[in-house]
1. Pairs needed: first member in the range 57-73, in a helix (DSSP H, G or I); second member anywhere, surrounded by 12 or more Cβ atoms within 10 Å (Cβ to Cβ) and among the β-branched types (V, I, T); C-beta distance under 6 Å; at least 6 residues apart or different chains.
2. When both residues are 6+ apart or on different chains and their Cβ atoms are under 6 Å apart, which pairs have a first residue that lies in the range 196-210 and is touching a residue at least 40 places away in the same chain (Cβ under 8 Å), and a second that is open to solvent by 20 Å² or more (accessible area, probe 1.4 Å) and of a type outside the set (V, I, T)?
3. Is there a residue being open to solvent by less than 70 Å² (accessible area, probe 1.4 Å), polar (S, T, N, Q) and either in contact with a Gly (Cβ under 6 Å, 6 or more places away or on another chain) or more than 19 Å from V28 (Cα to Cα) (or both) anywhere in the range 80-93?
4. Just checking, how many residues over the range 26-48 are among the hydrophobic types (A, V, I, L, M, F, W, C) and at pLDDT 90 or above?
5. Is it the case, given these coordinates, that D147 is within 28 Å of T64 (Cβ to Cβ) and buried (at least 22 other Cβ atoms within 10 Å of the Cβ)?
6. Would you point out the residue of the range 96-136, among those that are open to solvent by less than 60 Å² (accessible area, probe 1.4 Å) and either of a type in the set (V, I, T) or on the phi > 0 side of the Ramachandran plot (or both), that is modelled with the lowest pLDDT?
7. Determine whether I91 is in contact with an Asp or Glu (Cβ under 9 Å, 6 or more places away or on another chain) and either over 27 Å from V179 (Cα atoms) or part of a helix (DSSP H, G or I) (or both).
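The values are calculated or read from the model by the stated rules, or taken from the named source; none is laboratory data. Since we're looking at a predicted model, the values are computed, not measured. All Cβ positions, even for glycine, are placed from backbone atoms using ideal geometry, and neighbour counts span all protein chains on display. Ligands, DNA and RNA are stripped out before the accessible areas are found, and what is left, the full protein with its side chains, is counted by its heavy atoms. Shrake-Rupley method; radii C 1.70, N 1.55, O 1.52, S 1.80 Å.
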Amino acid sequence: MVSKSITSIAEIHPFIVQGAIEKSQLLVVFDMDLTLTMPPLPALLYLAKPEYRTKVQRILSPLTDTDRAKVLTLGLQISEHQLIEEITPSIIESIQALQVKSIVLTASLSGQFNNNAPLELQRFQKLKELGIVLQNISLQEKVILTDLPFCDQNYPTYYNGILCVRGEPKTNIKGPTLVSFLHHIHFYPKQIIMVDDKREHLSYVQQSLAALEPTIEFIGFEYTGAYKRIPPVINEESFLSYWEGLIKQVLDS
């Protein structure tokens, strides 16, 4: 695996333009949260800091796995989002103009929550509002990956360019989901370029792809651009109050 740390999405473009393989055999995979977009609320942004993640994990620890997932869904996936870099939509457009297949692979729940629109549709709409629409590399608008574990009454789901992963955090959930999706659409790229803010996700995906087909060339980019935009100070009481309010919403629903 080739691995490189980058601070701008634009840094991947030369690797795509100068690729030695046919563009039809290349897949570009983007993470969404803290890679393409980020929430404007400091209470959410501060989850990127280990000490604040620990605080949230502590107050979530009494909850069931399902309720913890719902709290994080409310906080991270239904919140407002903003582009990390204004240039990102034009970079993605230039990639797609080369006829290169591209998707978003996000550790997101899927299905309905609190009688709102399905989460995969909400994720698609948020990106579209920000000017990001990915090519639908599947002949189907929606693909439900029923060969993967059933989690909280839903399976991992692909919807119009966005592949929503379900599963336990800190486990290899993105790798098997991507492999399952490629099987479903019968697409076996020779090269995959992936951008994610977590290096371990890149490693996990590479491991899963190597098991699928050892000859796949995998290039992983660890994106750190979001961390430069996190506010330097937040009131800890306000931070905890925000997350406690989300817990109350979930438990009262």
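1. Close Cβ pairs satisfying both conditions: D67/V250; K70/V250; V71/I247; V71/V250.
2. That search, which allows pairs on different chains as well, returns D197/L34; R199/E222; Q206/M1.
3. Yes, that holds for at least one residue.
4. Within the range 26-48, residues that are among the hydrophobic types (A, V, I, L, M, F, W, C) and at pLDDT 90 or above number 7.
5. When the stated conditions are applied, D147 does not pass them.
6. G111
7. Yes, satisfied.
Results for (1) at pLDDT below 95; (2) within 19 Å of Q135 (Cβ to Cβ); (3) surrounded by fewer than 18 Cβ atoms within 10 Å (Cβ to Cβ); (4) under 19 Å from the mean Cα position of the chain (by Cα), shown as yes or no for each residue.
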| residue | (1), (2), (3), (4) |
| --- | --- |
| R166 | yes, no, no, yes |
| I173 | yes, no, no, yes |
| L178 | no, yes, no, yes |
| F181 | no, yes, no, yes |
| I216 | yes, no, yes, no |
| G225 | yes, no, no, yes |
